[in-house]
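Notes for the one structure printed next.
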Amino acid sequence: GTGTNACYMEEMRHIDLVEGDEGRMCINMEWGAFGDDGVLNDIRTEFDREIDMGSLNPGKQLFEKMISGMYMGELVRLILVKMAKDGLLFGGRLTPDLLTTGHFETRFVSAIEKEKEGLQKAHEILSKLGLEPSHEDCVATLRICQIVSTRSAALCGATLAAVLRRLRDNKGGDRLRSTVGVDGSVYKKHPHFARRLHKTVRKLLPDCEIRFIRSEDGSGKGAAMVTAVAYRLAAQHQARQKILEPLKLSHEQLLEVKERMRIEMEKGLGKETHAEATVKMLPTYVCSTPDGTEKGDFLALDLGGTNFRVLLVRVRNGMRRGVEMHNKIYSIPVEIMQGTGEELFDHIVHCISDFLEYMGMKGVSLPLGFTFSFPCQQNNLDEGILLKWTKGFKATGCEGEDVVGLLKEAIHRREEFDLDVVAVVNDTVGTMMTCGYEDPYCEVGLIVGTGSNACYMEEMRNVELVEGDEGRMCVNMEWGAFGDSGCLDDIRTEFDVAVDELSLNPGKQRYEKMISGMYLGEIVRNILMDFTKKGLLFRGRISERLKTRGIFETKFLSQIESDCLALLQVRSILQHLGLESTCDDSIIVKEVCTVVARRAAQLCGAGMAAVVDKIRENRGLDFLKITVGVDGTLYKLHPHFSTVLQETVKELSPKCEVTFLQSEDGSGKGAALITAVACRIREAGQR
């Protein structure tokens with residue numbers, strides 16, 4: 001209009017003047033000052049310079065002086081004066097009116113450029129300025145007006161194209177669909193300005209689809225709209241925070257969880273209370289961690305799902321201390337998983353036979369550790385009674401039986417080789433042992449992956465289910481069932497309840513369902529559904545995909561929360577899930593993921609704090625230094641889980657210095673190390 005300016009939505013990560021990287025903010029460009037540093041000098045003319053020298057602010061707003069309504073008529077006047085002086089117009093005649101600044105107004109330019117009456121208008125306007133124009137003078141004046149207004153529209157279009165290209169690059173696409181809201185008297189009243197501006201933009205951005213919409217009362221209605229949007233965003237933000245509030249646990253709540261875990265642990269250890277305890281605290285008969293003197297060749301079996309591994313683990317001591325592993329993976333067909341127990345164990349022995357042949361060790365009798373990741377009651381290190389099959393296994397004749405006995409019978413049926421089955425191992429205990437080989441302070445094992453569990457070295461005098469008071473024994477806590485008694489009901493949310501009710505085992509493993517990878521994505525999906533139903537996300541539109549259980553895998557949580565991931569990539573993850581999202585939606589989804597994962601890590605930390613505090617008190621220490629061996633995809637792959645877990649343990653157990661050590665292959669290497677430790681102790685006993 002009289003002046004000119006532009007604004008656009010910029011990515012927050014590019015705005016260094018404002019804290020924060022999330023979302024966008026409108027930037028007021030103040031582009032009238034473009035060229036004040038001299039970058040437009042090569043296209044400024046003598047007329048632009050003359051206008052600037054005679055203005056109220058010489059050297060300032062140079063771009064605005066080339067394109068806006070305040071100066072357009074004046075530019076035409078200066079050109080007419082120069083041509084008259086050079087004898088090219090009006091027979092070389094000048095009048096006082098033509099020589100007076102501001103007497104050729106911009107509205108005259110618009111009038112002269114009108115299609116039909118343009119030349120007639122030129123004659124009228126020039127006559128009013130005291131001139132006697134010929135037909136040729138009128139045609140020349142029309143041409144000058146066209147040149148000045150066309151340059152103005154072209155310059156305006158070129159800078160606007162730069163803004164739009166930036167928008168396109170910010171979004172990372174090849175094409176851009178965008179709308180420009182426009183106001184101002186030149187754009188609205190000049191007969192050709194708008195068309196010329198649009199044409200320039202399309203010429204410079206041929207692969208973008210740009211619409212122009214004329215604004216009505218930007219300064220009045222616009223101010224009200226800004227207020228309305230701010231009000232809506234604040235109200236929606238408040239509504240979302242209210243929904244997320246129960247998932248944000250205070251220090252006091254976490255201390256309470258720690259205390260309740262401690263109570264449940266005592267119940268599991270006690271002979272009288274064990275039967276009704278939810279945290280079972282099962283004895284594992286593993287009574288020592290590695291001391292570094294272990295050596296020899298050991299076999300390990302790892303059965304925990306549809307794949308089955310056989311490993312040869314060489315443990316060396318002395319100067320060449322270390323562990324060398326060879327393994328082979330075998331699949332277990334569904335018909336064997338769901339057939340008879342004999343068929344299952346015959347298949348396992350067939351795989352062992354194949355592996356021994358592959359390693360050229362057919363005639364050797366090796367000690368063997370068996371990682372059996374199903375619920376077992378251990379009555380000895382080499383005896384594990386299968387309580388119930390899980391994970392899709394249904395082989396008959398196994399539940400209530402000792403799995404070591406079943407394995408030995410299958411070995412004898414084959415009559416090819418003999419193996420010394422030394423230990424039945426739980427993968428959590430394997431994790432502790434693997435880390436214990438690297439770090440003698442490691443006496444706790446933790447798994448936070450698809451599921452979650454923990455184990456630790458308990459004083460024998462506290463393990464009431466096993467005779468004897470001397471020494472220590474590793475206790476497999478089976479802590480996933482913490483809360484099944486209802487003791488966590490006050491911190492469970494409606495979303496936890498919904499996930500639990502639709503799970504395969506409603507009412508069971510409630511703690512695990514709040515912290516492990518198998519369920520976090522589903523909690524997030526339920527919250528997103530709730531937000532959308534309330535119109536707080538995805539513009540209130542629930543897609544069929546969002547209604548699909550299990551669609552939001554926990555790996556997406558890890559990806560979305562990754563610090564190096566821009567919101568653009570968050571949007572593409574959501575797009576992959578069939579969810580059309582705006583930039584604001586992406587911020588909200590990221591926040592939900594953060595809240596859910598943070599709570600999981602804090603709850604896990606509260607449980608771990610109960611464990612390390614119990615060990616400290618068991619030993620009568622004022623201060624305990626201890627290492628926790630950890631495994632599991634959530635701990636390893638999520639960008640913040642491990643940090644929040646460690647911070648929580650530090651806050652809730654200030655008298656313990658806890659180091660977390662990532663385990664490698666607790667179920668394979670761990671099983672072999674448990675076997676190695678058992679053999680070391682057995683040999684020492686024989687000696």
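The values are calculated or read from the model by the stated rules, or taken from the named source; none is laboratory data. All values reported here derive from a predicted model rather than from experimental measurement. All Cβ positions, glycine included, derive from the backbone under ideal geometry; neighbour counts span all protein chains shown. Ligands, DNA and RNA are stripped out before the accessible areas are found, and what is left, the full protein with its side chains, is counted by its heavy atoms. Shrake-Rupley method; radii C 1.70, N 1.55, O 1.52, S 1.80 Å.
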Straight-line reach from K121: which aspartates and glutamates have Cα under 19 Å away, leaving out those fewer than 8 places along the same chain?
E74, D97, E105, E113, E132, E136, D137
Can you tell me the dipole magnitude for the chain around its Cα centre, using point charges on the Cβ only (Lys, Arg +1; Asp, Glu -1), in Debye to the nearest 20?
3260 debye
Using modelled amide H (1.01 Å from N, peptide plane; none on Pro or chain starts), what sits under 5 Å from the amide H of Y285, excluding residues fewer than 5 places away?
C474
Which percent of the accessible heavy-atom area of region 141-292 goes to carbon and sulfur, probe 1.4 angstrom?
56 percent
G471 neighbourhood, Cβ < 11 Å, K/R = +1, D/E = -1, net charge -2
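With the cut-off at 20 Å, tell me which of the pairs K248/K650; K394/K513; K328/K669 have Cα atoms farther apart than that.
Working: K248/K650 18 Å; K394/K513 24 Å; K328/K669 13 Å.
Exceeds cut-off: K394/K513.
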Which trypsin sites (Lys or Arg not before Pro) does region 572-646 hold that lie in a coil by DSSP with at most 11 other beta carbons within 10 Å?
R619
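Cα convex hull of region 7-231: mean projected area in nm², to one decimal?
Details: hull surface 59.8 nm².
It is 15.0 nm².
If you roll a 1.4 Å probe over region 647-687 with all protein chains in place, what percent of the accessible area is carbon or sulfur? The partial results should precede the final answer.
Working: 920 of 2030 Å².
C and S atoms contribute 45 percent here.
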Along the charge dipole of region 7-231, which of I144, A224, F63 sits closest to the positive end, that is, farthest toward it, with unit charges on the beta carbon of Lys, Arg, Asp and Glu (+1, +1, -1, -1)?
I144
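What's the carbon and sulfur percent of region 525-570's accessible surface, probe 1.4 angstrom, rounded to a whole number? Each step should come with its number before you reach the end.
Working: 1090 of 2310 Å².
Using a 1.4 Å probe with all protein chains present, region 525-570 comes out at 47 percent carbon and sulfur.
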Within straight cross-link reach of K171, meaning Cα distance under 19 Å, which lysines are found once same-chain residues fewer than 8 apart are removed?
K590
For Y441, list long-range residues whose amide hydrogen, built 1.01 Å from N in the peptide plane, is under 5 Å from its own amide hydrogen.
none
Over region 37-171, with neighbouring protein chains present, the accessible area per residue in Å² at probe 1.4 Å is 50 Å²
Could you pull out every one of the aspartates and glutamates with an alpha carbon less than 14 Å from that of K60, ignoring same-chain neighbours closer than 8 positions?
E30, D36, D37, D48, E50, D52
What do you get for trypsin sites (Lys or Arg not before Pro) in region 228-307 restricted to DSSP loop and a cutoff of at most 14 other Cβ within 10 Å of the site's Cβ?
K248, K271
What are the chymotrypsin sites (Phe, Trp or Tyr not before Pro) within region 563-662 that DSSP puts in a loop, where the Cβ has at most 16 other Cβ atoms within 10 Å?
F623
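Quick check: convex hull over the Cα atoms of region 471-591, volume per residue in Å³, rounded to an integer? Working shown, then result.
Working: hull volume 16.2 nm³, N = 121.
Measuring per residue, one finds 134 Å³ for the Cα hull of region 471-591.
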Cα→Cβ-extended label distance, 7 Å offset, between K271 and M53, nm
11.0 nm
For the chain, build the charge dipole from Cβ charges (+1 Lys, Arg; -1 Asp, Glu) around the Cα centre, then report which of G173, Q662, Y511 sits farthest towards its positive end.
G173
Going by average Cβ neighbours within 10 Å, how do the peptides 60-67, 203-210 rank, with the highest at the top?
60-67, 203-210
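Give the percent of DSSP beta bridges with both residues in region 7-231 that are antiparallel, rounded to the nearest 5. Let's see the in-between values first.
Numbers: 5 of 12 bridges.
Around 40 percent antiparallel, to the nearest 5.
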Strictly over 29 Å apart at the Cα level, which of K391/K534; K116/K199; K242/K280 would you flag in this model?
K391/K534; K242/K280
Tell me which of L75, L155, F90 sits at the most positive position along the dipole axis of region 7-231, charges placed on C-beta atoms (Lys, Arg +1; Asp, Glu -1).
F90
